[in-house]
Amino acid sequence: MKPLIGIHHVTAITSSAEKNYDFFTNILGMRLVKKTINQDDIHTYHLFFADDKGSAGTDMTFFDFPGMNKGFKGTNEISRTGFRVADNAALNYWTKRFNHYNIKHEPIKTMFNRKVLFFSDFDDQDYALFSDEGVHGVSSGTPWLNGPVPVEYGITGLGPIFFRVNDLKRMSTILEEVMMMRFTAQEDQYTLIEMGEGGNGASVILDYQPLLKQAYQGYGGVHHVAFRIEDKAHLEAWIERLNSFRAGHSGYVDRFYFKSLYTRLYPNILFEFATEGPGFIDDEEDYEHLGETLALPPRFRSQREAIEKQVRLFDTTRSNKIFKKEYFE
C-alpha cells in the first residue's frame, strides 16, 4: 500500500469571491489557476489559487456559498492552513508586506524547529507561512512568476495543516493507523504528524483543545483538506483500505481536474484523497490564461448559458497586466 504523498489542496469558504480574489492575487501573490463552479452546487463559485502552473500540493480553493453565516471557531475543525516559502528571509519580507497592507499577523516564531508566521484575512480565516529553511521532505512548487511578490519571497505551495481537536488519541489513531501517517514530535498542545517524505508539504499539526466549544462551519472556516495520491489505481487502493476499516466514503468521484475520494473519519472533519493530475491546464485554458474565464468541466458545458445567469461574473484577466514586484524597506 503506497502512503499518501502530502497535502493536495485545502478548500475553505469565503464571504466574497471578489474580495478573496483580490486578497490572494494582490496581497499573497498566488495565481488564480481556475475560476469554476462548485460541482455539487452550481450557484457557487469555486476558485483555485496555486503556484505558477497549478501544481498538486500548492492550491488553496474557495467556495462562496450565498447567504452563509460566519463560522464559529472552536474544537474539532481544520483550524489553520499553512503555506510554504523558501527561507527565513522570506518571512521577514512577509512581515513587512503584511504591515504595509495592514494584514493582521503575529510575530515570527518557531514550531518544531521551523520558523512560522501566523496571519489572517478579511474573513478571519487563519493561515500560517512556514519557512523551508533547514526542512527536508516533499518538494514544493514555483511561485507565481508574474505576480506582485518577488519570486525569491513568493509562496511555493501548501505547508502544515492544523487540526484543532478535543480527542487527541482518536485523531492520532486515525492518522497513524488508518491513513498511514507517522508521529514526529510533540510541543506543548501541538503534535506534528507527517506522511510520505515528510517536510512542510506533508505535515499536519494537531492542536489539542479539549475545553473549547464545538466549531461550526461557515465563511472564514475550512470546508475540507485533500491529500495527494498518485493516480486512479492509488485511489482505488485507498477505497479498499477504507473498506477494510468499514469506514464510510464517497467512492470514486471524477472532478475532471483530478479524481477524488471523500471520507469523514473524525467528527466534523472531511478528508479527501485527490490524484496528482490531470491538472488545470486543459482544453479550455492554456498556461498564459489560467483562471481568466469561467471554466466548466465537460459535463457542465451544455449548461453554460444557464450557469452564467446564476453566478455573477467578475473580471479575473491578468495576462494583459504587468504587476510591479514590491519590495519594502
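Please tell me if E197 is closer than 22 Å to A86 by Cβ and surrounded by fewer than 21 Cβ atoms within 10 Å (Cβ to Cβ). When the stated conditions are applied, E197 passes them. The residues of region 184-234 that are outside any loop (DSSP other than H, G, I, E, B), touching a helix residue (DSSP H, G or I) at 6+ places or on another chain (Cβ under 9 Å), more than 26 Å from F65 (Cα to Cα) and not hydroxyl-bearing (S, T, Y), listed by number, are I193, E194, V204, L206, I229. Here R264 fulfils each of the conditions (1) among the basic types (K, R); (2) on the phi > 0 side of the Ramachandran plot; (3) assigned to a strand (DSSP E or B) apart from (2). Restricting region 80-94 to residues that are of a type in the set (G, A, S) and buried (at least 21 other Cβ atoms within 10 Å of the Cβ), the residue that is farthest from I269 (Cα to Cα) is A90.
Close contacts from region 162-182, counting a first residue that is over 17 Å from A226 (Cα atoms) and a second that is part of a helix (DSSP H, G or I) and modelled with pLDDT of 95 or more, with Cβ to Cβ under 6 Å and a gap of 6+ residues or different chains, come to V165/M171.
Of the residues in region 86-98, not one is out of contact with any Ser or Thr (no Cβ under 9 Å at 6 or more places or on another chain), in contact (Cβ under 8 Å) with a residue 12 or more places away in the chain, part of a strand (DSSP E or B) and at negative phi.
Scan region 11-36 for residues that are surrounded by 21 or more Cβ atoms within 10 Å (Cβ to Cβ), more than 28 Å from R304 (Cβ to Cβ) and either of a type in the set (D, E) or out of contact with any Phe, Trp or Tyr (no Cβ under 7 Å at 6 or more places or on another chain) (or both) and jot them down. Matches in region 11-36: L28 only.
Out of curiosity, is I281 of a type in the set (A, V, I, L, M), in a helix (DSSP H, G or I) and surrounded by 11 or more Cβ atoms within 10 Å (Cβ to Cβ)? The answer is no for I281. The residue pairs whose first member lies in region 309-322 and is within 14 Å of H46 (Cα to Cα), whose second member is hydrophobic (A, V, I, L, M, F, W, C) and not in a loop (DSSP other than H, G, I, E, B), and whose beta carbons are closer than 6 Å, counting only pairs six or more residues apart or on different chains, are T316/L32.
Selection over region 37-63 of residues that are small (G, A, S), surrounded by 21 or more Cβ atoms within 10 Å (Cβ to Cβ) and part of a loop (DSSP other than H, G, I, E, B) gives a count of 3.
The values are calculated or read from the model by the stated rules, or taken from the named source; none is laboratory data. These numbers were taken from a predicted model, which means no experiment stands behind them. Positions of Cβ are generated from backbone atoms using ideal geometry, with glycine treated the same way; all protein chains shown enter the neighbour counts.
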